[in-house]
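The values are calculated or read from the model by the stated rules, or taken from the named source; none is laboratory data. Not measured: the values here are computed from a predicted model. No Cβ is skipped: glycine too gets one built from the backbone with ideal geometry, and neighbour counts run over all protein chains shown.
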Amino acid sequence: MASPSHPLKALVAFRNLIRPELIRTVHLYLSEEGGEVEKFEVSSYFEGLVNGVWLCIFVFDAECWCSSDIDRLPTVLTVSRNRKLETIPSLSNDLQTITQLTREIRKIEECDIKSEEASKFKEDKNNWYKSHHMCNVDLNSLPYGLSENEESDQSATDVSWKKKKRAATKDIASLGLEDLAKYFDLPIIEASKNLKVGLTVLKKKCREFGIPRWPHRKIKSLDGLISDLQEEVKRQQEDDEEAALAVAQRQKMIESEKERIEKKPFMDIQIETKKFRQDIFKKRHRARVLENQCRTLPLF
């Protein structure tokens, strides 16, 4: 083994097969003139090679060393895990030299990878730009034979449509309960479109006015009852005027209830009205059942 004051060229470590705690290392250095201090063919050694009672467990060659090769370093040769190496300065210093060399090689490899990726990215970007930015249209002519007046009208229409797509912030802030009441008979999605506000904004406005749920279903249900009562009034007027008056009075009560809900949409439908609606549903169900029975009755 030569003096470790010269740069390390190679290091080979062996473990004794009979006494595994025994480790032997061979170090190869470069002389000041650039030649090898000792003649040692490191290329003839490899990990796993058995020479008598010695097993080769690690081979370092500076000429073909890669950063990933440090993973092959055994635990027994790791200074941070084997403190006994500190008592062998030559071996400890050479192992630290290998670690430092690995860091430098890793930095060079990372720089090469980054520069290669950057050049590849730049090339791909240029290719994408060329393939996506080829203009085959004559920009001096109007598309599809449109005249200048037609083109200007179309662009003005598009701009105005985009402006009308959403209401301004000040218009949203000025929305009142009477503005929402105009669209209580519509589903909340259609109402938000007519008011030119988003669905979330409309729900937030409802909470500001104390409306827990959009009253479209309540209004629609009352409209259905009013329509049924109107038909019933017409039918009863031919047979019984007193019954027609009672039905008309019921109709007015439901109409006034609808007006109250439109003014105070947080109100629920009255219990009496719910019972009346339930009775109508039962009558319709019985009528459908009888109709189906009549259809299924045998002719003979």
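Matching residues to (1) modelled with pLDDT under 85; (2) among the β-branched types (V, I, T); (3) out of contact with any strand residue (DSSP E or B) (no Cβ under 7 Å at 6 or more places or on another chain):
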| site | (1), (2), (3) |
| --- | --- |
| R166 | yes, no, yes |
| N194 | no, no, yes |
| K203 | no, no, yes |
| C206 | no, no, yes |
| D223 | no, no, yes |
| S227 | no, no, yes |
| Q237 | yes, no, yes |
| K258 | no, no, yes |
| I261 | no, yes, yes |
Legend entry - Single residue of V247, V289 found to be more than 30 Å from A181 (Cα to Cα), over 43 Å from the mean Cα position of the chain (by Cα), of a type outside the set (F, W, Y) and part of a helix (DSSP H, G or I): V289
Legend entry - Residue, farthest from the chain's Cα centre (by Cα), within the range 62-76, restricted to residues that are within 15 Å of F14 (Cα to Cα) and in contact (Cβ under 8 Å) with a residue 40 or more places away in the chain: V76
Legend entry - Members of the range 27-58 that are modelled with pLDDT under 90 and part of a strand (DSSP E or B): H27, L28, Y29, L30, E36, V50, N51
Inset, instruction - Return yes when V233 is of a type in the set (V, I, T), loosely packed, with under 15 Cβ neighbours inside 10 Å and either touching a Lys or Arg at 6+ places or on another chain (Cβ under 9 Å) or assigned to a helix (DSSP H, G or I) (or both) and no when it is not. - result: no
Inset, instruction - Could you please tell me which pairs satisfy a Cβ distance under 7 Å, a separation of 6+ or placement on different chains, a first residue in the range 44-57 that is under 13 Å from V12 (Cα atoms), and a second residue that is of a type in the set (G, A, S)? - result: C56/G48; I57/A13
Legend entry - Qualifying residue in the range 91-99 (condition: surrounded by fewer than 16 Cβ atoms within 10 Å (Cβ to Cβ), modelled with pLDDT under 70 and assigned to a helix (DSSP H, G or I)): no
